[in-house]
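The structure appears right after this line, and notes come after that.
The numbers here are math on the coordinates, done by the rules we state, and not lab data. Keep in mind that this is a model prediction, so the values were computed, not measured. Don't worry about glycine lacking a Cβ; one is built from the backbone with ideal geometry, like all the others, and counts go over all protein chains shown.
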Amino acid sequence: MGWFNRSRSKPAAQGKTKSEDMWVVCPSCEAHVFKEEWHKGLKVCPKCNFHDRLTCHERVKLILDTGTWHELGGSVSTTDPLEFVDGKGRYADKAEAAKEKTGLNESVLTGRGKISGRRIVMAVMDFRFLGGSLGSGTGEKILRAATYALKHKLPYIVVSASGGARMHEGIVSLMQMAKTCAGIARLHKARIPYISILTHPTTGGVSASYAMVGDINISEPGALIGFAGRRVIEETIKQKLPDDFQTAEYLLDHGFIDSIVNRSEMKDYLMNVLRYWRAR
Amino acid sequence: MSMDFEKPLVELEEKMAELVKLNENEDVKFDTEIAELEKKMKSISKKTYSKLTPWQTVQVARHSQRPLIRDYITGMCSEFIELHGDRCFGDDQGIIGGFAKIDDVRVMLIGHQKGKTVEENIKSNFGMANPEGYRKALRLMKLAEKYRIPVLSLIDTPGAYPGLEAEARGQAEAIARNLMEMATLETPIVVVITGEGGSGGAIGIGVGDVVLMLSNSVYSVISPEGCASILWRDGSKAPVAADALKLTAESLLELGVIDEIIKEPSGGAHRSYSEALPAVKETILRHLEKLSKVSGRKLTERRFDKYAKIGRF
Ligand SMILES: [Zn+2]
């Protein structure tokens, strides 16, 4: 359940020269795209339609009506239950650095807002924050947002982007899988919509908990979704894996997601689906 | 298989076996020697096992002679009616289950199956279940709810199987669904970590009202080897990672992740099934008795609260 185990999730262009500053290299097909065009196109490759990662704020802007977002659970932040230290230092310091870099307090942003005038609760993970890993703060925020949705009878949308559990929080991280799913279970019992959007990448403990149990699971073209890491599987079965293995397209084929939706159509898709709730 | 830190103890045990054999055949008797050796063995075993490092505990938890699910069934249950299949794809042997009778208490027993021989391990995939294992477990848990009998789940796995077919058939979905369904299952669930609690593969049948742990078992988000190779970039740092991961029963009790530790006999559960199993059985029955008085609805409320409060906020 490690994070950072796919070469594709690393930025492709490292060395920076003046001319490279103008270009973005597509992490999937390695096409050179003008930076301006890349951002205007919502970080979607015009050549291969690969949907690159968005920050949580970009995602909020993409899906919600302008000016309707109100953050919830902003006081919840990372904790260090194990007082974990690894070969490179203290986890507490690493978490602080992630906060500084991203301006976030955890790997997920939670709040309420509107989609075409319809009130919803949303949680959006951000891969920049420790690989979107599932810390106890992450679990706490996702559960609190679910509880808010339950209390106010509002649809809950979770956008995942995660390498899985956060090793530095050990067993407490693993328990967040059970904790978040307990919250989702209560929504199901109360017949409140829960829509899961699995974005690139959604793997390990996040794919094996709340991300996979939506009323509707949707994804974006080319997204990596899976439980075990590609390398671990290859080492276990001593066999090369097919190229499309663990892509959104592969999961659609195997019956685990309902639809692959282009980023530019995501908001409309959600709106159209939510219209079926209590339509009678 | 013996573990390095156990060597002095194992050597004494071998010597003892020799003496006992001699005692049978020869005219000369070694009764005093045997008594003395016994005393020595006890003290060494106590000394070794009273302060195992986390990494040594991992080795005990994985010991090839550690009691496995079939041993618990034989040792604790007067009846076991195994039920097979997930009704979708197949019958996984990495997780088994069925109706079981412990004294006069009828339960649905589920759990990971490891083997002691190579053949057994190939059959049960070393306790690494495929999605159909998790789905079979869910089917049986739902049956338990229907029949109003409690669920007893025994955890002992290196992790869910990381294979191509497992992914194709939805390993992630199978585990996720179990987590969700177990949260609202309206019948008591008692979980016992008997050996290795390997990550998502463990918690996939590990959500319960009460989570118990044998004193030399471990429970972790990742194996120490895996953690060492990612965070230390050096697999040989596994002992250090085992320490950092706080994966022992004592640490987990402190972290509020488990409810009670079941003490193993000195020298580990693999040394004496006759001492280890009754303690496990007694503890399970005690908790089942308590939980039997709680309504299904109340159980799920409490279970929710139990998991909602893991983490410090
Ligand atoms: Zn491209």
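Some points to look at:
- Positive-end residue, region A:54-274 charge dipole about Cα centroid, Cβ charges, pick of A:G113, A:G164, A:V124: A:G113
- Taking B:K15, B:K237, B:K142 as the candidate residues, the one with maximal mean-square fluctuation in a Gaussian network model of chain B, Cα springs under 10 Å, is B:K15.
- Positive contributions from Lys and Arg (+1) and negative ones from Asp and Glu (-1), summed over other residues with Cβ under 11 Å from the Cβ of A:I195, come out at -2.
- Comparing B:L245, B:L68, B:L212 in a Gaussian network model of chain B (Cα springs below 10 Å), the most mobile by mean-square fluctuation is B:L245.
- Anisotropy class of region B:57-309 from Cα gyration tensor, a/c 1.5 cut: rounded
- Sequence-distant aspartates and glutamates (8 or more away, or on other chains) whose Cα lies within less than 13 Å of B:K281: B:D71, B:D103, B:D104, B:E264, B:E289
- 12 Å beta-carbon shell around B:H287, net charge (K/R +1, D/E -1): -1
- Pairs from the list B:K146/B:K298; B:K142/B:K263; A:K99/A:K141; A:K151/B:K290 with a Cα-Cα gap above 20 Å: B:K142/B:K263; A:K151/B:K290.
- Comparing mean-square fluctuations of B:L164, B:L52, B:L252 from a GNM of chain B with C-alpha springs under 10 Å, the top value falls on B:L164.
- Between 0 and 90°, nearest 10: helix B:31-50 axis offset from chain B longest Cα axis: 40
- Across the options B:V10, B:T48, B:L37, the greatest Cα extent toward the positive end of the charge dipole of region B:4-51 (unit charges at beta carbon of Lys, Arg, Asp, Glu) belongs to B:T48.
- The value of relative contact order for chain B, using C-alpha pairs under 8 Å at least six residues apart, is 16 percent.
- Trypsin sites (Lys or Arg not before Pro) within region A:65-115: DSSP coil, no more than 16 neighbouring Cβ in 10 Å: A:K88
- Amide H contacts for B:G97 (H built 1.01 Å from N in the peptide plane; partners 5 or more residues away or on another chain; cut-off under 5 Å): B:L83.
- Compared with the dominant Cα axis of chain B, that is its longest principal axis, helix B:296-308 is turned about 70°.
- Here is the P(r) of region A:122-257: all C-alpha pair distances, binned every 5 Å from 0, give 2, 11, 21, 23, 19, 14, 7, 3, 1, 0, 0 in whole percents.
- This model, with +1 at the C-beta of Lys and Arg and -1 at the C-beta of Asp and Glu, gives the protein assembly as shown a dipole about its Cα centre of some 2660 debye.
- Ranking B:T248, B:A168, A:L252 by how far each Cα lies toward the positive end of the dipole of the protein assembly as shown (charges on Cβ) leaves A:L252 at the top.
- Each Lys and Arg adds +1 at its Cβ and each Asp and Glu adds -1 at its Cβ; summed about the Cα centre, chain A shows a dipole of about 860 debye.
- Using only side-chain charges placed at the Cβ, +1 for Lys and Arg and -1 for Asp and Glu, the dipole size of chain B relative to its Cα centre rounds to 1240 debye.
- Filtered chymotrypsin sites (Phe, Trp or Tyr not before Pro), region B:58-110: DSSP coil and at most 16 other beta carbons within 10 Å: B:F89
- Cα-based shape type of the protein assembly as shown, given that a ≥ b ≥ c are square roots of the gyration tensor eigenvalues and the cut on a/c is 1.5: prolate
- Cα gyration tensor, region B:1-123 - rounded (a/c under 1.5), prolate or oblate: prolate
- Restricting region B:177-238 to GluC sites (Glu not before Pro) that sit in a DSSP loop and have at most 11 other Cβ atoms within 10 Å of their own Cβ leaves nothing.
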